Amino acid sequence: MLSGAEENVPGFRQEARNGGKLVCSCEGRSVLIELAKPVTFIFCILCLYALFMTAFLVPTSDMHQRICDCLGLLMVAAGLSLISGLIFLRAMPEPYAGNARLVTTLPVQLFVWASSIMLVLFIVSWYLESHCIFYRDVRF
């Protein structure tokens, strides 16, 4: 057993199943994880928004430059989504943490759905831009 001075160490608790060793209770760490979840999720959403803006609303005449810009932003969004997904996975309660996978977290699902929808819309817009004419060229 521990002496009276060792029992009152803040941030630690004694566990009987570990032979009376001091184990970190980590209340501060769980608070930081709960604060990091919305911050990283907002950054994930903002990065996907920047990807959407670059893919569809920034006027450029060169399609290859637009594709390169979009691929760079897509990689940044994927990295942020993975980091946010790891934070969400770490914050899951114990009974659910053993069965959870990274793909089932909200930021990763948001990234997969948003990027796949944007990919389909980008291909459709590329086709429409190169094969269809939506204005009349009226010359008198």
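The values are calculated or read from the model by the stated rules, or taken from the named source; none is laboratory data. Just so you know, these numbers come straight off a predicted model, no measurement behind them. Because the Cβ atoms are built from the backbone with ideal geometry, glycine has one as well, and the counts that use them run over all protein chains shown.
Considering the stretch 31-64 alone, what residues qualify as being more than 9 Å from the chain's Cα centre (by Cα), more than 11 Å from residue 87 (Cβ to Cβ), of a type in the set (A, V, I, L, M) and in a helix (DSSP H, G or I)?
31, 46, 48, 50, 51, 53, 55, 57, 63
May I ask you to verify whether residue 86 is within 27 Å of residue 130 (Cα to Cα), modelled with pLDDT of 90 or more and under 12 Å from the mean Cα position of the chain (by Cα)?
Answer is no for this residue.
Does residue 25 satisfy the criteria of being in contact with a Lys or Arg (Cβ under 9 Å, 6 or more places away or on another chain), modelled with pLDDT under 90 and either more than 27 Å from residue 129 (Cβ to Cβ) or surrounded by 13 or more Cβ atoms within 10 Å (Cβ to Cβ) (or both)?
yes
Does residue 46 meet the test of being at pLDDT 95 or above, surrounded by fewer than 13 Cβ atoms within 10 Å (Cβ to Cβ), out of contact with any Phe, Trp or Tyr (no Cβ under 7 Å at 6 or more places or on another chain) and of a type in the set (A, V, I, L, M)?
In short, yes.
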